[in-house]
Amino acid sequence: MRRLAPYQTGLWLAEYMDMRCQLCRIYRSTPQSQLLHHQTQFRLDNITNVPPTRTALKQHSFLTNIRNQANSYLSSGLLCAHCHNDITWLPRPFEVDIAPSISLSIQASTYYEYPIRQAIRAFKHQEDMTKLPLLLHAIRQLPRPHGCHRNNSVIVAMPTTSQRLVKRGFDPVSILSAQLSKHWQIPVWQGIERIDDTVSQQGLSRAERLSNLDNAFALIEKPAVKRIILFDDVATTGASLQALGRTLHSSFGVAPLDQHQPSHGYHLFAYALAHGNQ
Ligand SMILES: [Zn+2]
């Protein structure tokens, strides 16, 4: 039997066994579908356009039941409404340039402040898996980019260096990306690697961060789909996402939607768990 990763077991327990809020641990958690309006609803495809024959209607009601069960099963919730409402979700997106007159908009799920900040730091630096349910709740607030689905899009987790991976022993961003992938039903693509072993970005100015990241990424293969969704855990100035976007743009002409530039049919999106100062 395949061994479950420890974080996956923790999430499973948090979501399906422990009905308490994963932040205050006092109130009962509220299903995601009852929280706010901007969450992505789970949908079973092929249900909505059923022709109205008797068999089809029977099938439709059967499938509707399954869909309702699936909805309630998948939305047992991780936070209570109080804690959810205490956090500012979906800050205004901010933009970075990836080429002259081409800017990339970065959407974070929330701000990098209490309690998300403490949770991210404990998860990244102490491998504290008990913080993962809160981070997963944050990821679920991100709106899936319009028109993206499993057959036309991939998620690119901000790559880490092998040196850092060995030192840390695990890759927090890829764990979070796997959760985003599961939530949006869009696969993760690992066609880009990080080749710099430069100093950490922490404590550097914006210009220093950018020059630090020049030539930081290398493409291993060409993406098989045209919609590329970049994801990082914390976007401070957005320099890492910017550098990754620049690499993709200079290699394939990948550009954000609605830009008056040749994009060769590729579209680029950027998301982060949190936006703020380190
Ligand atoms: Zn709570």
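Conditions (1) within 16 Å of the ligand (Cβ to nearest atom); (2) over 17 Å from VAL234 (Cβ atoms); (3) assigned to a loop (DSSP other than H, G, I, E, B); (4) more than 16 Å from the chain's Cα centre (by Cα), marked per residue:
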| position | (1), (2), (3), (4) |
| --- | --- |
| LEU78 | yes, yes, yes, yes |
| ILE98 | no, yes, no, yes |
| SER103 | no, yes, no, yes |
| THR110 | yes, no, no, no |
| TYR114 | yes, no, yes, yes |
| task | Inspect all residues belonging to the range 145-161 and state whether any of them is at pLDDT below 95, in the same structural domain as GLN242 (by TED's automatic domain parsing) and hydroxyl-bearing (Ser, Thr, Tyr). | result | yes
| field | Lone qualifier among ILE155, ILE120 - being among the β-branched types (Val, Ile, Thr) and over 15 Å from PHE269 (Cβ atoms) | value | ILE120
| For ARG144, all conditions in the list (1) assigned to a loop (DSSP other than H, G, I, E, B); (2) out of contact with any helix residue (DSSP H, G or I) (no Cβ under 6 Å at 6 or more places or on another chain) hold save one; what is the number of the exception? | (2)
| Does LYS131 qualify as being crowded, with 22+ Cβ neighbours inside 10 Å and farther than 30 Å from HIS267 by Cα? | yes
| task | Could you check, for the range 184-193, whether at least one of its residues is at pLDDT 95 or above and part of a helix (DSSP H, G or I)? | result | yes
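The values are calculated or read from the model by the stated rules, or taken from the named source; none is laboratory data. These numbers come from a predicted model, not from an experiment. Reconstructed Cβ throughout: ideal geometry from the backbone, glycine too, with neighbour counts over all protein chains shown.
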